[in-house]
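> Below you'll find the structure I mean.
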Ligand code: SF4
């Protein structure tokens, strides 16, 4: 942020916004300040089955612990764990075990009792080909199964990554030898998903995730072919077809592209969301026909100039208006309520071109949220992380004030109510990144 | 922590007793729901299963845990013994061993297509015996002039022919 302002502390924010849940304010603060586990807390995690050392699966010599997430008492995710490679704000919080209970501390002060969730059993299993299942399913949280479509982003290769993104620097869990799926890696997915569904009561949705690849299959070298992003869609379809074998959804009568009934049938919706690039209509139709239920394509930054500066890859392939049109076109295909987009809130305040005033930045974001809502698209937002491997990390960008996120969550929540939209597939249980979804818990 | 009397604990653990959870929405409108899975935990807290994430009870409980509001649980046994327990939501689990226990019990009872959103843990703060006979005694003592005078405990004798006099 450019301006020098007095940033309100947690208590000051909580006092100023008494109708905003303290737990959610605390969660934002844990993301901004980070959380460090004491040795005792780490021991507690081991005792409760909430700790797994993944070093062996990744072929690493040094320990690489994975925690089974930490929750506030109400089930809200605590953020800011694994913060060693992030730029933070102020002093980090601590997690410590006191009288047998896990506590969040600020210095010496006991703040909140929290609890561990155990790691799922599949962490310790392998597929019949010997692939550790933890490499097949990239999500480490309860409820959500995340599958990497491919493990690269073409924008990084062209030195045009989104400036806050560290996707190619991190994500080592799911790196594969082959960048795109092979019959063997698809079989690994099939086996892993089937195996983990044996863990009853654990999972509620599947996310397909990937970097961007704007190349069209038949247009090598000339990205703006008849159907850009076809490479990416082909990979999604391979995985969707694999997942069709795992779920009891029926095939349903197809509709021709002009809307008339067809003699053919297509796959009914699978419980699957894709966090995808901006696909043209014909590619979205292919995904729908393969059973995709929810399409999430992230605009990241609403302001036109800042979008071009912060997301140069998206701006090149093929610009903000193309991304917006693609998101709106998806509503016709997947239906109102089944399409959403996301803002990386705080990126729009980055120096030197970002907004100078918080209120200006908020107004811009809420303008975008309202525009999408009017068109049947829900906008979530996540808190900016400045992680090693991102351009923002190198530039030493700062995180926004705590109050900024409270105001933004309130604003988005108001728009959500006004347009009666929800995005429960990105709900508070899925990963905890979307603060507006925490507030949506009060919507019956 | 406040400790529930044994009689209340037995009633909670009796699968045949009726259990009702009462909560309030943001305007104070009450909402009651019958709950099937209820148990007393080792630490003295009560746990019950919530079937649906979007139910009014669940939404009200989220508000209650966020803004420190009370909820009330009513337990009524086959013989009419009834207790009301006032408390505060303490934790909500949708993962972990306690959740799994309730989830499997729900599967057992309602079959393989059953749903369970989470498990609420309530810290009891107050308990009140609401059994009719007990409450009657209390009220008689507290408000003797609210009693109807024709009650057998108030009148010495009953007029035998009063009904026929009226009908004539
Ligand atoms: S956020 Fe941008 S750079 Fe990062 S993976 Fe997605 S498209 Fe690529």
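The values are calculated or read from the model by the stated rules, or taken from the named source; none is laboratory data. As the structure is a prediction and not an experimental result, all values here were calculated from the model. Virtual Cβ from ideal backbone geometry, glycine too; neighbours counted across all protein chains shown.
> Residue pairs, Cβ under 6 Å, 6 or more apart or interchain, first in the stretch A:187-210 and within 14 Å of chain B (Cβ to nearest Cβ), second in a helix (DSSP H, G or I) and modelled with pLDDT of 95 or more. List them.
Here the result reads A:201/B:100; A:201/B:103, each pair linking the stretch A:187-210 to a residue that is in a helix (DSSP H, G or I) and modelled with pLDDT of 95 or more.
> Something else about it: If you go through the stretch A:265-308, how many residues are assigned to a loop (DSSP other than H, G, I, E, B), touching a helix residue (DSSP H, G or I) at 6+ places or on another chain (Cβ under 7 Å) and under 19 Å from residue A:344 (Cβ atoms)?
Looking only at that region, the number is 6.
> Follow-up. Within the stretch A:311-359, restricting attention to residues that are part of a loop (DSSP other than H, G, I, E, B), buried (at least 19 other Cβ atoms within 10 Å of the Cβ) and within 16 Å of the ligand (Cβ to nearest atom), which residue is farthest from the other protein chains (Cβ to nearest Cβ)?
Looking at the filtered set, the residue picked out is A:317.
> Let me ask something else about it. Just one of A:137, A:147 is within 16 Å of the ligand (Cβ to nearest atom) and buried (at least 19 other Cβ atoms within 10 Å of the Cβ); which is it?
Being within 16 Å of the ligand (Cβ to nearest atom) and buried (at least 19 other Cβ atoms within 10 Å of the Cβ) holds for just one of A:137, A:147, which is A:147.
> Identify the residue in the stretch B:78-98 that is away from chain A (no Cβ under 14 Å) and surrounded by fewer than 17 Cβ atoms within 10 Å (Cβ to Cβ) and, among all such residues, is nearest to the chain's Cα centre (by Cα).
Result: B:86.
> If residue A:387 satisfies all but one of (1) surrounded by fewer than 21 Cβ atoms within 10 Å (Cβ to Cβ); (2) under 30 Å from residue B:92 (Cα atoms); (3) in contact with a strand residue (DSSP E or B) (Cβ under 7 Å, 6 or more places away or on another chain), what's the number of the condition it fails?
Only one criterion is unmet by residue A:387, namely (2).
> Further question on the same structure: Scan the stretch B:99-119 and give yes if some residue there is buried (at least 21 other Cβ atoms within 10 Å of the Cβ), over 14 Å from the mean Cα position of the chain (by Cα), at the interface with chain A (Cβ under 9 Å from one of its Cβ atoms) and free of Cβ contacts under 8 Å to residues at least 60 places away in the same chain, otherwise no.
Checking the stretch B:99-119: at least one residue is buried (at least 21 other Cβ atoms within 10 Å of the Cβ), over 14 Å from the mean Cα position of the chain (by Cα), at the interface with chain A (Cβ under 9 Å from one of its Cβ atoms) and free of Cβ contacts under 8 Å to residues at least 60 places away in the same chain.
> Please enumerate the residues belonging to the stretch A:195-205 that are under 23 Å from the mean Cα position of the chain (by Cα) and outside any loop (DSSP other than H, G, I, E, B).
Within the stretch A:195-205, the first condition is being under 23 Å from the mean Cα position of the chain (by Cα), and the residues that meet it are A:196-197, A:201-205.
Listed by number, the residues that qualify are A:196, A:203, A:204, A:205.
> Considering only the stretch B:22-60, state which residues are touching a strand residue (DSSP E or B) at 6+ places or on another chain (Cβ under 8 Å), free of Cβ contacts under 8 Å to residues at least 40 places away in the same chain and under 18 Å from residue B:121 (Cβ atoms).
B:33, B:35, B:38, B:39, B:40, B:57, B:60
> While we're here: Just give me the residues in the stretch B:59-77 being more than 8 Å from every other protein chain (Cβ to nearest Cβ) and either crowded, with 19+ Cβ neighbours inside 10 Å or under 20 Å from residue A:19 (Cβ atoms) (or both), in sequence order.
Start the filter on the stretch B:59-77 by keeping residues that are more than 8 Å from every other protein chain (Cβ to nearest Cβ), which leaves B:60-61, B:64, B:68-77.
If the condition is that a residue be more than 8 Å from every other protein chain (Cβ to nearest Cβ) and either crowded, with 19+ Cβ neighbours inside 10 Å or under 20 Å from residue A:19 (Cβ atoms) (or both), then B:60, B:61, B:64, B:68, B:69, B:70, B:71, B:73, B:75 are the ones that fit.
> Identify, please: which residue in the stretch A:417-434 is out of contact with any strand residue (DSSP E or B) (no Cβ under 7 Å at 6 or more places or on another chain) and in a helix (DSSP H, G or I) and is, among those, modelled with the lowest pLDDT?
Restricting to residues being out of contact with any strand residue (DSSP E or B) (no Cβ under 7 Å at 6 or more places or on another chain) and in a helix (DSSP H, G or I), the top hit is A:424.
> Applying the selection to the stretch A:365-384, what residues are in a helix (DSSP H, G or I) and either modelled with pLDDT under 95 or crowded, with 18+ Cβ neighbours inside 10 Å (or both)?
Those that are in a helix (DSSP H, G or I) and either modelled with pLDDT under 95 or crowded, with 18+ Cβ neighbours inside 10 Å (or both): A:365, A:366, A:368, A:369, A:372, A:373.
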